[in-house]
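Trainee: I have a structure I would like to understand better, so I am pasting it below and will then ask my questions one at a time.
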Amino acid sequence: MAADPITEVHREITRLLTKLGRDSGTRPDALVEACVACLEAAQCTSAAATGREHPYTGAQEALHAVNAAALAIRYALVKAGDERRRAARAGGNVT
């Protein structure tokens with residue numbers, strides 16, 4: 001019997017997170033961190049939807065993960081903007 005779509009999505013998100021696992025001693029780009037945070041939020045949400053977590057606890061955990069992802073995205077965008085402004089002041093290439 002085939003797994004339901006949410007279980008399949010949860011499995012795929014977990015696979016992606018494992019594949020994107022951080023190497024020890026390295027600090028990834030802020031945008032990569034934001035992407036990982038979004039995947040973690042999706043993983044928590046799909047875990048709650050599949051019933052792997054108690055409904056209330058799973059929903060709370062998913063909400064916290066979504067908020068963390070939003071903060072990670074905001075940080076990445078601010079950092080990228082700061083880097084562009086710094087490069088512009090220094091006469092560097094602004095992308």
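Trainee: List the pairs whose first member sits in the range 39-54 and is under 12 Å from Thr7 (Cβ atoms), whose second member is outside any helix (DSSP H, G or I), and whose Cβ atoms are under 9 Å apart, counting only residues at least 6 apart or on separate chains?
Mentor: Ser46/Arg52; Ala47/Glu53; Thr50/Asp4
Trainee: Would you tally the residues in the range 84-95 being part of a helix (DSSP H, G or I) and either open to solvent by 90 Å² or more (accessible area, probe 1.4 Å) or at pLDDT 95 or above (or both)?
Mentor: Going through the range 84-95, the residues part of a helix (DSSP H, G or I) turn out to be 84-89.
Filter again for either open to solvent by 90 Å² or more (accessible area, probe 1.4 Å) or at pLDDT 95 or above (or both), leaving 84-86, 89.
Total satisfying the criteria: 4.
Trainee: Ok, one more. Would you please list the contacts, defined by Cβ atoms under 9 Å and residues six or more apart or on different chains, that run from a residue in the range 1-20 that is exposed (fewer than 14 other Cβ atoms within 10 Å of the Cβ) to a residue that is charged (D, E, K, R) and at pLDDT 85 or above?
Mentor: Ala2/Glu8; Ala3/Arg11
The values are calculated or read from the model by the stated rules, or taken from the named source; none is laboratory data. Values in this document were obtained by computation on a predicted structure and should not be read as measured data. Cβ atoms come from the backbone with ideal geometry, glycine included; neighbour counts cover every protein chain shown. Surface accessibility is based on the protein's heavy atoms, side chains included, excluding ligands, DNA and RNA. Shrake-Rupley method; radii C 1.70, N 1.55, O 1.52, S 1.80 Å.
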